[in-house]
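Undergrad: I have a structure here, written as structure tokens, and I will follow up with some questions on it.
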Amino acid sequence: MDSARLNRAEKASSVVLVAFGAFIAWYSWHYLKLGMMIMPGAGFLPFCIGMILAVLGAAWYARTLLAPAAPRKALETGEAGGAAAGAESARSVILSRLLPGVLLVVLYAWLFEKAGYIVSTVLFMVGWQKLVEREEWVKTAIVAVTSAAFMYVLFARLLRVSLPSGSWWS
Amino acid sequence: METFSGLISGFSIALTPINLLFAFIGALVGTAIGVLPGLGPAATIALLLPAIYVVSEPVTAIILMAGIFYGSMYGGSTTSILLNLPGEAASVVTCIDGYKMAKKGRAGAALGIAAIGSFVAGTIGIVGLTLFAPLIAEFALSFGPPEKFSLAVVGLLMAVTLSGSSIIKGLVMLALGLLLASVGLDPISGKTRFSFGVIELQSGFDFVTLAMGVFGLGEIFIGLEAAVKVEVATTKVGSVWPTLKDWAASRMAILRGTLIGFFIGVIPGGGAVISSLVSYAVEKKVAKHPEEFGEGAIEGVAGPESANNAASSSSFIPLLTLGIPGNASIAMIFAALLIKGITPGPFLIQEHPEVFWGVIASMYLGNVMLLVLNLPLVGLWAQLTRVPFGLMAPVIILFTVIGSYSIQGQAFDIYSLIGFGLFGYVLRKLKFEPGPLVLAFVLGPMVEQSMRQSLLMSGGSFLIFVTRPISLSLIGLFAVLVAGQAALTIYKRFSPNN
């Protein structure tokens, strides 16, 4: 992430942190109750943490405001083009690798108990090799089957972990 | 004498076939995973944490975790030297001269001196741990709730202020770690906190899931985006035995690094990082040819590697004697002890002497195992650094998903894992260091309980934390350290040489 984008992301995150801290403090005070100083209630520590988070968020925002900005001249000249190209490339990597990767993991989690360990793992590995790594079918099949088998032997046989057989099939 | 007899009983436990086997497995697997590019000791331990559920004996489980910790530290040196890719901040300085040596065809010498230095420093560090830990534990027996609270809070704050990264961000991590630890049933009032009607949240977040998500999955998501093609300097490492010239240049660096690492490593927060940096600076200062530093000076590998391994040994002192983990890796061993029903702290040596002495004795043996494993097998570890990310990433995801599911057998833990993974990804993007989050999460229950007990003792007055001598001394020590660091920063900023 280039410094200008990081600065913008930090500003937005610090505002979110202030709001989050305020929510935690309000929730702790309203629902969990603070109790008395001699006998603090369930909400006392979370209330303090919420207040601290809000203050830290404000301090973080102030610090990002005071941080030196990228030199204007550099932005007006060649570096502006470079930064734009960098941002474009980062966006492309996110769309081509990170997003499919995260979605595959979520799908794997959803299928894990429903389709069972073997089917969900093989499907996940195939999806990963094809969508994230763009591998050819033969290599994809070999990697998917061997890694699913290796993990099965390791967890189910050696470590005796109970893996789901799939609620769809039972 | 008590120490000696304790150590003898520790060896009788560590030398049983099952404990020897698990120490060996820990060292081997820790090294193998620690060698994989991008995975530091914290990520390695996080990935392997579920293994403790399949080991029934607590002492065996902790011996396994200690072996994994040491193994991953060794593995981290290999990636620093061969790939210029430090697995953690403590290995950054090893890259400077280690990678240069590898590029000049001296990878074997760099890996060999790193292994020998680590062995010497690790062993001396364990001797220090053996001698000092019982004394500190005895002193800490007098600690009541106010002292425990001050110790935990000062330890957490030191972990942030001495880590060298942004203090505001470090404090945010601490606060979020404490907040995550408070989710679930309040142990005193029995009220449910922040579960929002989700039944699985009533027992709180699981540490293993959090650690695997933030360190394991978060690292993979970042790796996906970065898609870095690492350049392996060489996989032909040659002889790992240092020449007489190498040995002459390194032996004092190893000893100095050991002393620096041991004493700095006891301090919570960045012990291994600071000690490796200090060691590198000292070696450069005392070197006859300082201009060779940065160009492949063997002292630049020997000193910092010894320092960070001595620090790894001494970082067990606050864990085993005070119940305070000083860094993320040690926090995971802390959590492993808790999972096995053992509370680390001053009572550990009295209530569970077999764990205390068994772990210390196994560390001596584990260090020898690592030397034996690392020198002959260094070529194999070098080959492992070539495992492509495209293969490593999905296999690690399988590890984390199956590992988190195996804890309670519920899909909710997998969703939590993914949530923590995305959280870890965002933290890294915003330049947050996740270590303090994990530290605060494991210490959270102790902080809250000791604070509430202290307030009950004092009739609701916070003054109790500054009116009891030990508590006041801890706070004073922290204030002196912060003032010293601030003075150093101001001096550097206004120094005429700057």
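The values are calculated or read from the model by the stated rules, or taken from the named source; none is laboratory data. Because the structure is a prediction, the values reported are computed rather than measured. All Cβ positions, even for glycine, are placed from backbone atoms using ideal geometry, and neighbour counts span all protein chains on display.
Undergrad: Can you go through B:Ile402, B:Ile490 and tell me which one is surrounded by fewer than 17 Cβ atoms within 10 Å (Cβ to Cβ) and either more than 30 Å from B:Thr343 (Cα to Cα) or not charged (D, E, K, R) (or both)?
TA: B:Ile490
Undergrad: Name the residue, out of B:Leu28, B:Leu82, B:Leu39, that is in a loop (DSSP other than H, G, I, E, B), under 19 Å from B:Asn309 (Cβ atoms) and either among the charged types (D, E, K, R) or touching a Gly at 6+ places or on another chain (Cβ under 9 Å) (or both).
TA: Just a single option satisfies the conditions, and that option is B:Leu39.
Undergrad: Among the residues of region B:358-388, count how many are buried (at least 24 other Cβ atoms within 10 Å of the Cβ) and hydroxyl-bearing (Ser, Thr, Tyr).
TA: Counting residues in region B:358-388 that are buried (at least 24 other Cβ atoms within 10 Å of the Cβ) and hydroxyl-bearing (Ser, Thr, Tyr) gives 1.
Undergrad: Would you please name the residue that is surrounded by the most Cβ atoms within 10 Å (Cβ to Cβ), looking only at residues in region A:33-51 that are outside any loop (DSSP other than H, G, I, E, B), at the interface with another protein chain (Cβ under 7 Å from one of its Cβ atoms) and more than 24 Å from the chain's Cα centre (by Cα)?
TA: Ranking the candidates gives A:Leu45 first.
Undergrad: Going by the structure shown, is B:Val29 in contact with a helix residue (DSSP H, G or I) (Cβ under 7 Å, 6 or more places away or on another chain), within 23 Å of B:Val387 (Cα to Cα), at pLDDT 85 or above and buried (at least 20 other Cβ atoms within 10 Å of the Cβ)?
TA: In short, yes.
Undergrad: A further question on this structure: Looking at region B:403-412, can you tell me whether even one residue there is within 18 Å of B:Ala328 (Cα to Cα) and more than 10 Å from every other protein chain (Cβ to nearest Cβ)?
TA: The answer is no; no qualifying residue exists.
Undergrad: Conditions first: (1) at pLDDT 90 or above; (2) part of a loop (DSSP other than H, G, I, E, B); (3) of a type in the set (S, T, N, Q). B:Thr343 passes all but one, so which condition is the exception?
TA: Single failed check for B:Thr343: (1).
Undergrad: On to the next question. Can you tell me which residue is modelled with the lowest pLDDT among those in region B:148-190 that are β-branched (Val, Ile, Thr) and assigned to a helix (DSSP H, G or I)?
TA: Step by step, filter region B:148-190, then rank; the result is B:Thr161.
Undergrad: Being in a helix (DSSP H, G or I), at pLDDT below 90 and away from chain B (no Cβ under 12 Å) narrows it down to one residue among A:Ala69, A:Ala84; which is it?
TA: A:Ala84
Undergrad: Taking the condition of being closer than 11 Å to A:Met37 by Cα and more than 8 Å from chain A (Cβ to nearest Cβ), how many residues in region B:443-452 meet it?
TA: Residues meeting the conditions: 0.
Undergrad: Touching a residue at least 12 places away in the same chain (Cβ under 8 Å), more than 27 Å from B:Ile81 (Cα to Cα) and more than 8 Å from chain A (Cβ to nearest Cβ): is that true of B:Leu370 in this structure?
TA: no
Undergrad: Among the residues of region B:141-172, which ones are hydrophobic (A, V, I, L, M, F, W, C), crowded, with 23+ Cβ neighbours inside 10 Å and either closer than 22 Å to B:Leu455 by Cα or more than 10 Å from chain A (Cβ to nearest Cβ) (or both)?
TA: B:Phe149, B:Leu151, B:Ala152, B:Leu156, B:Ala159, B:Val160
Undergrad: Filter region B:82-113 down to the residues that are crowded, with 24+ Cβ neighbours inside 10 Å and under 18 Å from the mean Cα position of the chain (by Cα) and list them by number.
TA: Passing the criteria: B:Gly87, B:Glu88, B:Ala90, B:Ser91, B:Val93, B:Thr94.
Undergrad: Looking only at residues in region A:91-114 that are aromatic (Phe, Trp, Tyr) and at the interface with chain B (Cβ under 7 Å from one of its Cβ atoms), which one is nearest to B:Phe412 (Cα to Cα)?
TA: Once the filter is applied, the top-ranked residue is A:Phe112.
Undergrad: Restrict the check to region B:92-109 and report whether at least one residue is touching a helix residue (DSSP H, G or I) at 6+ places or on another chain (Cβ under 8 Å), part of a helix (DSSP H, G or I) and under 23 Å from B:Leu481 (Cβ atoms).
TA: Yes, region B:92-109 has at least one match.
Undergrad: Here's a follow-up. In the list B:Phe478, B:Phe465, which residue meets the criterion of being part of a helix (DSSP H, G or I) and either over 26 Å from the mean Cα position of the chain (by Cα) or of a type in the set (A, V, I, L, M) (or both)?
TA: None of the other options fit; the residue is B:Phe465.
Undergrad: From the list B:Leu427, B:Leu391, which residue is at the interface with chain A (Cβ under 8 Å from one of its Cβ atoms) and either over 24 Å from B:Phe149 (Cβ atoms) or surrounded by 20 or more Cβ atoms within 10 Å (Cβ to Cβ) (or both)?
TA: Of B:Leu427, B:Leu391, the one residue that is at the interface with chain A (Cβ under 8 Å from one of its Cβ atoms) and either over 24 Å from B:Phe149 (Cβ atoms) or surrounded by 20 or more Cβ atoms within 10 Å (Cβ to Cβ) (or both) is B:Leu391.
Undergrad: Taking the stated definitions as given, is A:Ala109 at pLDDT 85 or above and part of a helix (DSSP H, G or I)?
TA: So A:Ala109 passes the test.
Undergrad: While we're looking at this one, here's another question. So, in region A:52-63, how many residues would count as being within 9 Å of chain B (Cβ to nearest Cβ) and over 10 Å from B:Ala175 (Cα atoms)?
TA: Going through region A:52-63 one residue at a time, the tally reaches 4.
Undergrad: Consider A:Arg134 against the criteria (1) away from chain B (no Cβ under 12 Å); (2) exposed (fewer than 13 other Cβ atoms within 10 Å of the Cβ); (3) at pLDDT 85 or above: it satisfies all of them except one. Which criterion is unmet?
TA: For A:Arg134, the failing item is (1).
Undergrad: Only one of (1) within 24 Å of B:Ala51 (Cβ to Cβ); (2) of a type outside the set (D, E, K, R); (3) in a helix (DSSP H, G or I) fails for A:Pro164. Which number is that?
TA: If we test A:Pro164 against (1) within 24 Å of B:Ala51 (Cβ to Cβ); (2) of a type outside the set (D, E, K, R); (3) in a helix (DSSP H, G or I), just (3) comes out false.
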